[in-house]
Amino acid sequence: MALRDTNEGELRDGFRFRGGHVALDFTATRARRLKPDPRELLATPEDLARWLTAAGMAEALPEVSPDALMAARALREAIYALADAQIGGRAPSGDDIATLNRLAGALAAVPQLDARQKAHWHGDAAALLALLAREAVLLLGGCDRARIRQCEAEGCALLFLDTSRGGDRRWCSMKGCGNKAKVAEFRRRKRDGG
C-alpha cells in the first residue's frame, strides 16, 4: 500500500500538502524556513500526531513521545538538507544520510486491512516515522530525485516533486506562489512601460 500522493495546495488540519510526495510535505512542517523567524509546526507531540493523521499515515491520532518528536524533527531537517543538496548539485552531508538511514532502518509500520476492507498503516509514531524515512530514501535515491524542486517564489522554501510533462514547474502552488509571482511580474512590466 503506497502512501497517498498530495494535491497541489491541499490544506489538512492546518498543514500544507503541496509537495506531491509525503517526504517533501513533511519538510513543510517548518514554516517560513528562509525568514529570520521560522515557525515550528511540530511544537508538541500532539502536533506530530495531527500531521501523521493529516498525511494519511494514521487512522487515529497516534501516541507520540517526546523522543519521537525529536526524531521527527531530525528526520525532517535531514530530508530537507538532502533534497536541497540534490537541487543545488552539492554533495550530501554524511550526517544527514546517517540520520535518514538510521530512521529508515527502524521497525516500520505495516499495512492492515480493517473490517470495512479499508487498508491503513498500523504502528506507533516511531514505526510511522520509519515508514516516512523509507519513502524519503526511495525518493532521494531514486530516479525522481532529479524532479525535486524548491519553489522559486521569493521567500518560499517549500519543496515539491515536479511531475509536469516538461519538468519545468516553478512554484509549489500555482494558486498561491505562482499567482503572486505572475501578478508581481505583470505589475513590474506595467510600471516599466512594457
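Fewest-first ordering of Val110, Val22, Val64 by other beta carbons within 10 Å of each residue's beta carbon gives Val110, Val22, Val64. Computed from Cα atoms, the angle from the helix 179-191 axis to the main principal axis of the chain rounds to 10 degrees. Other residues within the sphere of radius under 13 Å centred on the Cβ of Asp67, judged by their own Cβ, net out at -1 (K and R +1, D and E -1). In order along segment 11-28, phi translates into HN-Hα couplings of 10, 9, 6, x, 9, 8, 10, 10, x, x, 8, 4, 5, 6, 4, 4, 5, 6 Hz, rounded to whole numbers, per the Karplus curve 6.51 cos²θ - 1.76 cosθ + 1.60 with θ = phi - 60° and x for Gly and Pro. Remark: segment 128-138, residue by residue, has Karplus-estimated 3J(HN,Hα) of 5, 5, 4, 4, 4, 4, 5, 4, 5, 4, 5 Hz, where x stands for each Gly or Pro and the curve is 6.51 cos²θ - 1.76 cosθ + 1.60 at θ = phi - 60°.
Restricting the GluC sites (Glu not before Pro) of segment 1-108 to loop positions (DSSP other than H, G, I, E, B) with no more than 12 neighbouring Cβ atoms within 10 Å leaves Glu63. Matching the structure-derived P(r) over Cα pairs in 5 Å bins from 0, in percent against the labelled list (1) 1, 6, 11, 13, 13, 12, 11, 9, 7, 5, 4, 3, 2, 2, 1, 1, 0, 0; (2) 1, 7, 13, 17, 17, 15, 12, 8, 5, 3, 1, 0; (3) 1, 8, 15, 20, 20, 15, 10, 5, 3, 2, 1, 1, 0, 0 gives the label (3). When the helices of the chain are scored as -39500 (n - 2.57) per DSSP H run of n ≥ 4 and the total is divided over every residue, the value at 222 nm lands at -13000 deg cm²/dmol. Below 12 angstrom from the Cβ of Lys182, what's the summed charge of the other residues (Lys, Arg +1; Asp, Glu -1)? The answer is +4.
Each residue, Gln112 and Lys180, gets one label point 7 Å from its Cα in the Cβ direction; the gap between the two is 4.1 nm. For Lys182, the aspartates and glutamates whose Cα comes closer than 17 Å to its Cα, not counting residues fewer than 8 places off in the same chain, are Glu152, Glu154, Asp168, Asp192. Backbone amide hydrogens, once placed in the peptide plane, bring His122 within less than 5 Å of Val110, Gln112, excluding anything fewer than 5 places away on its chain.
Which trypsin sites (Lys or Arg not before Pro) from segment 98-136 combine a DSSP loop assignment with at most 12 other Cβ atoms within 10 Å?
Arg116, Lys118
Listed values for segment 113-126 are Karplus-derived 3J(HN,Hα) couplings in whole Hz (6.51 cos²θ - 1.76 cosθ + 1.60, θ = phi - 60°), namely 9, 9, 5, 8, 6, 10, 7, 8, 7, 10, x, 7, 4, 5, and x replaces Gly and Pro. From the alpha carbon centroid of segment 131-164 to that of segment 30-109 is 14 Å.
Considering only alpha-carbon pairs that sit under 8 angstrom and 6 or more positions apart, the relative contact order computed for the chain is 21 percent.
The ranking of His21, His120 by Cβ neighbour count inside 10 Å, starting from the fewest, reads His120, His21.
Coordinate-derived values only; no laboratory data. The model shown is predicted, which means the values in this text are computed figures rather than measured ones. Reconstructed Cβ throughout: ideal geometry from the backbone, glycine too, with neighbour counts over all protein chains shown.
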